[in-house]
Amino acid sequence: PSKPPGTNCWLPENHTTLMAAQQTMGKENVATAATAEKPEPPALAALDLTGATPPPLPMAPPAATPSKPPAPLLTPRSAPPPPPPPAPIACPRIEAKDFETLAAALEAAHVKPGRVDVVVAEGTTLTGTIKVPAGVRLVGSAGTRPIIMSTLTLNGDGAGVMNCDLREGVKVQMGTKDTEVRGCAVTNPCDAGILSRGAALTISDCELYECEDAVRHTYGDRLTLVRCQIRNIDGDGICSIPKISLLEDVSFENIGRHEVMCKAGVLRKVTSPVVEPPPPPPVPISQLPYGPAG
């Protein structure tokens, strides 16, 4: 061992070689680590550092939904039909045969609330004074109309007569409202078939014949005639001082003076077109009297 100058320690003879080897040991390790290629992580390798737009991320397809058939188009032929009109409200009924007289039946109906029908059997002939009170309608049963030989008076609001044969006409008392004559045959050779001094009189589905005037309306308002036949009248078919509200499908035949005599005019007049029946089908050749030719 030698002692380097300026030192107080003894070193081995090869200490210079050992120190040089120690100094180069770390550098060789660093060079070896630098020269070795390490694989990059997958996440870093997938990055695009060029600045281009990244591709869209894959998305899962939407879940399949059951398909619905398209709604059918509503055409005039396939459109649903309109709902039927509501059924009319039936009025309470009283049979005239259950009472001793017709006047008693009319009075019993008058004391009941609302409108009440007094039904007269078919083929009945009624004589004497008949006054229909308010809220009561005298109705002939289905079949042959009952015959009323004297003048019938509608004597209150809402009074009416239906399906009767009136041989001396109808008189509507002055000041009454909402009176009605429906489905009747009316005649009165000595006076008007229907003489009205009330308001809101409706005449529908009636036949008026052989009268001085078929309808004479001298007071009130709202005179309405619907589907009526007026024939063989000496004077006027309709004579009205107030304005006539409606004339719908009213026919006139053999009228002495005027079909409609009303200086105030008619608010509305409706005439339905006449629909001719279809022609009969042709007769087959095999059914002709002489059969097919030849």
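The values are calculated or read from the model by the stated rules, or taken from the named source; none is laboratory data. A quick note: this is a predicted structure, and the numbers were derived from the prediction, not measured. Glycine also receives a Cβ, built like all others from the backbone with ideal geometry; neighbour counts cover every protein chain displayed. To get the accessible areas, we keep the full protein, side chains included, count just its heavy atoms, and leave off ligands, DNA and RNA. Shrake-Rupley method; radii C 1.70, N 1.55, O 1.52, S 1.80 Å.
Couple of notes before you dig in:
- A simple count of charges around residue 149, restricted to other residues whose Cβ falls under 10 Å of its Cβ and scoring Lys, Arg +1 and Asp, Glu -1, yields -1.
- Reciprocal of mean inverse Cα separation for the stretch 116-223 (Kirkwood radius, Å): 13.3 Å
- Distance between modelled label sites at residue 266 and residue 288, nm, 7 Å Cα→Cβ extension: 4.9 nm
- 15 Å tail of the calculated P(r), the stretch 98-144, as % of Cα pairs: 42 percent
- 276, 95, 180, 253, reordered so the largest accessible area comes first (probe 1.4 Å): 276, 253, 95, 180
- Set of the stretch 205-231 residues, backbone N closer than 19 Å to the point 7 Å along the Cα-Cβ line of residue 274: 227-231
- Our coupling estimate for the stretch 176-186, obtained by passing each phi through the Karplus curve with A = 6.51, B = -1.76, C = 1.60 and θ = phi - 60°, is 6, 10, 6, 8, 8, 10, 9, x, 10, 9, 10 Hz, Gly and Pro reported as x.
- A simple spin-label model places the labels of residue 112 and residue 231 3.7 nm from each other, with each point 7 Å out along Cα-to-Cβ.
- The gain in end-to-end length when the residue 246 to residue 191 segment is fully stretched comes to 17.4 nm, 0.36 nm per residue minus the alpha carbon separation.
- In terms of packing, defined here as the mean over residues of other Cβ atoms within 10 angstrom, the peptides 242-251, 121-130, 209-218 line up highest first as 209-218, 242-251, 121-130.
- Per-peptide packing, taken as the mean over residues of other Cβ atoms within 10 Å, places 193-204, 230-241 in the sequence 193-204, 230-241 from highest down.
- Approximating the spin labels as points 7 Å out from Cα along Cα→Cβ, the residue 122-to-residue 177 distance works out to 3.7 nm.
- Peptides 55-62, 136-143 ordered by average Cβ neighbours within 10 Å, highest first: 136-143, 55-62
- Förster radius 35 Å - calculated FRET efficiency between residue 95 and residue 258 (Cβ-Cβ, nearest 0.05): 0.25
- Cross-link table 97/269; 112/243; 171/243, entries beyond 31 Å C-alpha to C-alpha: 97/269; 112/243
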